[in-house]
Structure formats: C-alpha cells, structure tokens
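Each remark here refers to the structure printed beneath this line.
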Amino acid sequence: MPTKIQEPYFQGSIDTLCYRKIKYTGYYGTFVHTPQLGKLEVLNRTLVGVDTNGTIDFIIPINSEDADIKELILKHSSIKGLNENDVEIVDIFNEETRFFFPGFIDTHIHAPQFPNNGIFGNSTLLDWLETYTFPLESSCKDLNIAREIYTQCVRRTLGYGTTTASYYATIHAKATSLLSDIALIHGQRAFIGKVCMNRFAPHDYIETEDECKASTLQVIDYIERRNPKGDLIKPVLTPRFAPSCTEEMMRWLGSVRDKGDYHCQTHLSENNNEIQWVQELFPKYDNYTDVYYKNGLLSTKTTLAHCIHLSDDELLILQKTGSGVSHCPTSNSSITSGEARVRWLLDNQINVSLGTDCSGGFTPSILEVAKHALLVSRHLVMKTKNDAEKLTPAEVLYLATMGGAEVLKINDKVGCFKKGLKFDAQLINLNAKNSNIDIFHFQKPKWGQFETAESMNKFINLIDKWLFNGDDRNIETVYVNGRTVINNV
C-alpha cells in the first residue's frame, strides 16, 4: 500500500524509496496499447521482460501453451549472469478478461483543488475561481492541510491508473516542495508546478513579483536536488493564466524557461469572458496565444490546457512553437466553457493529451475523461454535421497515454509497450469483484478456440466496454518504473 506521510519533508536519501532495485520480472499474457493515433494494438500471448531498473528489456510472442517461461526469459534477457532465482513471473496467460495497459498520463490537474471535486455551484470559470478555488488553494499555506490534500490526491490518482501527472500546486513554495516529496515517496511520475500569480488574486493569496521569482527558483532548486536525474519528478513553470501575471512576470518566466529548457504549463482560451479580459489587459498583442508567445513561454515543452476557442492565427503559433494541448472535456462541460475541436488540432499536427482538470473536472479518472472526450466530439458533430470530427475509442485511449507522453516530451520513456521504455502500466481485470462491467460467456474472446480475427474482434469489444463502463474497481495493480505502487489484489 502507498506509504503514509508522517513529516512535511522526507528526511534521508529519496533513492532508498524510488530507485531501489526490483527483481527481473516476466509479464506473461495480453498487452493492449495505442502506439499510434487510431491504432489499438492487442498483443495476445506475449511475454515482456522488465529489468531491475524497470525498463522493458524484450517483448516476444509465445506460440506454445507449454513454453518454459523462465527459460525464455533467461534466453532473451540482456542481463548477463541472470539465473532462475533472480526472476519473478506475473502470469495472466489463461485469463480472457485481464490485460496490461499503459499507465494513464494526466497533463492538467490542480492538486490543491482535490477536495472540491464535484463542487461547482452554478458557476462559470471566473466566478468559480473566486468562490471555490482561491479560498481552498490559499489554505495550503498550512502544511498540515497541504499534506492531507496532496497525499489523498496522489493516492487517488495512482489508484485510477495515473502513473504520470502534471500538477499545479499553489503559490506556496514549501507546500509545493511537499507535493514533490509526496509524489516521489508514493512512486508517481510527476511534473510539479508552483503557481505564479502576482495580480488579480485575493489579498491573502498573492505574491509580489520579487516574491514570485524567489519562490519559483526555490521550488526548482528543491526538486532538482531531490531528484537530480529528473527521471521521476520535474519542475514545471506555471503562470496560472495570463491575467494573473504581469508582463514583467511572464517575461521573466520566459527567460527562465529558455535558459533552463524547463517545461511550462498554463491555461489558454478556456472561456469567452476570459478571452475578452485578456484582450483588455494586453491590447498590444494580436491574441491570447500571442501574449504567451511574445513573452517566451511557448516551446515544445509547453502544455496549454483547454484551447477551446482558438483562432486560425493562434493555431499557427502552436504549430510554430510545437506547444501541446491538454484537452479537458469533463471540466469544459462542467463549468460551461465549451467544446474543444480536437480533430481540428490533430489534423493540424498539434499534439493533444487529456487532463482531468480537477476540480474544474469532477473526476480524477483519465479513463472517465477519455469517455467524455469521445462524447464531446459527438456533440460537436451534432452541430457541425461533420462526421470526421468524431473521436474513436482507440483515439481517446491514445490521447490518455501516448498523447500525454508526446505533449510532456517523455515519449522516450513511457506511453506504450516498447523495448527501452519504462514499464509504467496497469493490470486490468474486467471481471473484478463488484465490477460495473457485465461480460456474457458469448462475449469472451476464447483465445485459441476461435479464428484469430473473431477472438480479436470480441476482445476489442471488451475494450470498448472497459472505456464506457470501467472504473478503478477494474484496476488490480499499478506499476511505475516496474515497481508496484498500487496493489488491490
């Protein structure tokens, strides 16, 4: 079970928790992933070897039920001197309704807002911030409150299969550093952002420009010292959104981003009133996106949440800078922001991912968000009559995994099952106790009894059932870097 956090900072070497060696493990069964947009690939009767550093060492098909798995592992492993006693096996070979799927990647989530999930009133964006969000975030100045909220947020998101999350914290440097420790101790891969907000905020929840600069550098330094390799936790520059930062503040953040090649995250074009406000505050800029562009905040490592009401000119800026989009359909619907044109973005070579946007979104489940992404695309079609805008199950599952890896520029580490990538994965059981998914005997794939095509079609139908009816009850185990971080068995 996840480690209970006792102190605001973990004392000692974080390596003892996050980099301890694991046994070489062979995972044997069915693997499902989306290595390309629109392509759902099912690897049935497959053996995946994961080395002691959590890296996928090999992937091979198994053609015989009588195969000696340990012998095959020793044969295909790249580890010299490996013997049978050094190897563990996770075997779901004969299971028709269990499979491995890559860990979900949530590219936009507000950790301090977690207690407000499902609380909206009758709000739209700007009044929702004033009424619900700022008071709760301000309370995280108290590290005891921050610890309670952040611990539950990390545990809950891991429990829903989120192996990587890009978190917004608050303006508080110590509480933000605490969030990075909690993610490390629980083994979640995370991007941690101290929110920058030096205007248009409550008097008790605002920084001066100098305070914001100092606290931003403090958090970056803390995270880089805690995780020098940057392979699990990274800092991410986080101007809340254009109205909450002065030009001088954004320009400074842009210079820090450029010098350190840091990741950056912010909001863009979420709400029509917000867009109008930006135009009034920044009259010399061509549009909302131009504010970020001319202040140096856009790059291939920038994640822009929402992007609902972009113009063609703004799209060109995203193309030019390689900035990625976090699509947040649950939040966009919940606070009446609008319907993002995801197909338009994808067709124009913009990388798109999914974000829960808790607590604008009411669920910490990326699987639920993927379902909403599919449904929102159909609502768009009801208006435009353009069927091409529909997203398929395979496409939204791509956005939930590889899409997130592309946007965060960690596709060289995670996102699918491929030799050399880290084993960030979920073991899914569609037939788990109290599962919300009903599977009838005639719907099972019965691998080996039917022709391959028939079995495959039946199994892909079960994946659709999982997308629309599945939840955390179907998650047996969650792995990050090959380490078990959640075990519900």
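The values are calculated or read from the model by the stated rules, or taken from the named source; none is laboratory data. Note that the structure is a prediction, hence the values are computed from the model and not measured. Every residue, glycine among them, receives a Cβ derived from its backbone with ideal geometry; neighbour counts consider all protein chains shown. Only protein heavy atoms, including side chains, enter the accessible area calculation; ligands, DNA and RNA are left aside. Shrake-Rupley method; radii C 1.70, N 1.55, O 1.52, S 1.80 Å.
With θ taken as phi - 60° and the coefficients 6.51, -1.76 and 1.60, list the Karplus ³J(HN,Hα) couplings across the stretch 286-294 in order, rounded to whole Hz; mark glycine and proline as x.
Couplings: 5, 6, 4, 4, 4, 4, 5, 4, 6 Hz.
In the stretch 210-239, which trypsin sites (Lys or Arg not before Pro) fall in coil by DSSP and have 12 or fewer other Cβ atoms within 10 Å?
LYS229
Could you state the angle between the C-alpha long axis of helix 312-321 and the longest principal axis of the C-alpha atoms of the chain, as a value from 0 to 90 degrees rounded to the nearest 10?
Orientation of helix 312-321: about 70 degrees from the principal axis.
Restrict the search to the stretch 268-300; then list the chymotrypsin sites (Phe, Trp or Tyr not before Pro) that DSSP places in a loop and that have at most 16 other Cβ atoms within 10 Å of their Cβ.
none
Which ³J(HN,Hα) values in Hz, rounded to whole numbers, follow from the phi angles of the stretch 456-465 under the Karplus curve 6.51 cos²θ - 1.76 cosθ + 1.60, where θ = phi - 60° and Gly and Pro get x?
Using θ = phi - 60°, the values come out as 5, 4, 4, 5, 5, 4, 5, 4, 4, 4 Hz.
Tell me the angle of helix 247-260 to the major Cα principal axis of the chain, expressed in degrees between 0 and 90 and rounded to the nearest ten.
40
Structure shown: which of LYS413/LYS465; LYS70/LYS419; LYS39/LYS75; LYS23/LYS229 lie over 24 Å apart, alpha-carbon to alpha-carbon?
From the list (LYS413/LYS465; LYS70/LYS419; LYS39/LYS75; LYS23/LYS229), the Cα-Cα distance tops 24 Å for LYS413/LYS465; LYS39/LYS75.
So if we plug the beta-carbon distance of ARG199 and LYS390 into 1/(1 + (r/R0)^6) with R0 = 35 Å, what FRET efficiency do we get, rounded to 0.05?
Between ARG199 and LYS390 the formula returns 0.25.
Taking all protein chains as present, what is the carbon and sulfur share of the accessible area of the chain, in % to the nearest whole number, probe 1.4 Å?
Answer for the chain is 47 percent, counting heavy atoms of protein chains only.
Test of the criteria: in the stretch 405-489, which GluC sites (Glu not before Pro) are in a DSSP loop and have at most 11 other Cβ atoms within 10 angstrom of their Cβ?
When the GluC sites (Glu not before Pro) of the stretch 405-489 are filtered for loop state and at most 11 Cβ neighbours within 10 Å, GLU451 remain.
For VAL376, what accessible area in Å² do you get when you roll a 1.4 Å probe over the heavy atoms of the protein chains, rounding to the nearest 10?
Here the accessible area works out near 20 Å².
Give the percent of DSSP beta bridges with both residues in the stretch 104-408 that are antiparallel, rounded to the nearest 5.
0
Can you give the FRET efficiency for ASN348 and LYS70, using 1/(1 + (r/R0)^6), R0 = 51 Å, r = Cβ-Cβ distance, to the nearest 0.05?
With a Förster radius of 51 Å, E is 0.55.
Taking the Cβ-Cβ separation of ALA453 and ASP286 as r and a Förster radius of 45 Å, what is the calculated FRET efficiency to the nearest 0.05?
So, using R0 = 45 Å, E works out to roughly 0.30.
Treating only the Cβ of Lys, Arg, Asp and Glu as charged (+1, +1, -1, -1), what charge dipole size does the stretch 185-327 show about its Cα centre? Round to the nearest 20 debye.
660
List, in order, the whole-Hz ³J(HN,Hα) value for each residue of the stretch 351-365 obtained from phi through the Karplus relation with A = 6.51, B = -1.76, C = 1.60 and θ = phi - 60°; use x for Gly and Pro.
6, 10, 10, 10, x, 6, 6, 4, 10, x, x, 8, 10, x, 8
Using Cα atoms only, what is the angle between the long axis of helix 143-159 and the major principal axis of the chain, expressed in degrees (0 to 90) to the nearest 10?
40
For the chain, what is the accessible area per residue in Å², given a 1.4 Å probe and the full set of protein chains?
Heavy-atom SASA per residue in the chain reads 39 Å².
Counting Lys and Arg as +1 and Asp and Glu as -1, each charge on the Cβ, what is the dipole of the chain about the Cα centre in debye, to the nearest 20?
660
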